[in-house]
Structures are given as structure tokens and as C-alpha cells.
Amino acid sequence: MAFTLWNLFETSLLCLNAFTIINEERLVDKFDSKHSKTNLLMEENEAKMQVFNLIHSISTIAKFPVIFLNIITIILKLLLGS
């Protein structure tokens, strides 16, 4: 199977789909673990919160464009049969 731009597009669309359907309550539970007073754990919690904020931002912003891209992808798959 050849690596094409279409495959790259489908892969990125699947990743965006995964970000948009992620359950944020369960994700927050993982990131809201016990806070410690040590500097190392505080830096680790800050990094985790930054990752959570990134995922939350992507899922908020990308909801409607992902729906549109999914519709286009489905139509092209039906028409081209690939």
C-alpha cells in the first residue's frame, strides 16, 4: 500500500475524530490526581494540565469542521470506491 496524501488526510481526520469524542470528565479525573508540594510533581501537574487544555481546545474548536470533513470523506469514498 502506497503512502499518499489521501492516507495522510484520513489519518489526521481519524486523530481529530478521537480528540472530539474524548470524554473530558474521565480525562480530568486522571489529571486531577493528588497535588503535592514538591517542585517536580508541581511541574508534572502543570505539564499534564497543559496537555489537557490542548486536548480540550482541539475538541472544542474542531467539532464542526470535523463533521464537515467526515461528510466530504464519506461522499468521496462512496463515489470513488476506494
Residue in segment 53-82 that is modelled with the highest pLDDT, counting only those that are over 14 Å from GLU24 (Cβ atoms) and among the hydroxyl-bearing types (Ser, Thr, Tyr):
THR73
What residue, among those in segment 1-25 that are outside any helix (DSSP H, G or I) and closer than 30 Å to MET49 by Cβ, is modelled with the lowest pLDDT?
ASN23
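The values are calculated or read from the model by the stated rules, or taken from the named source; none is laboratory data. Quick caveat, the model's predicted, so the values are computed rather than measured. Cβ atoms come from the backbone with ideal geometry, glycine included; neighbour counts cover every protein chain shown.
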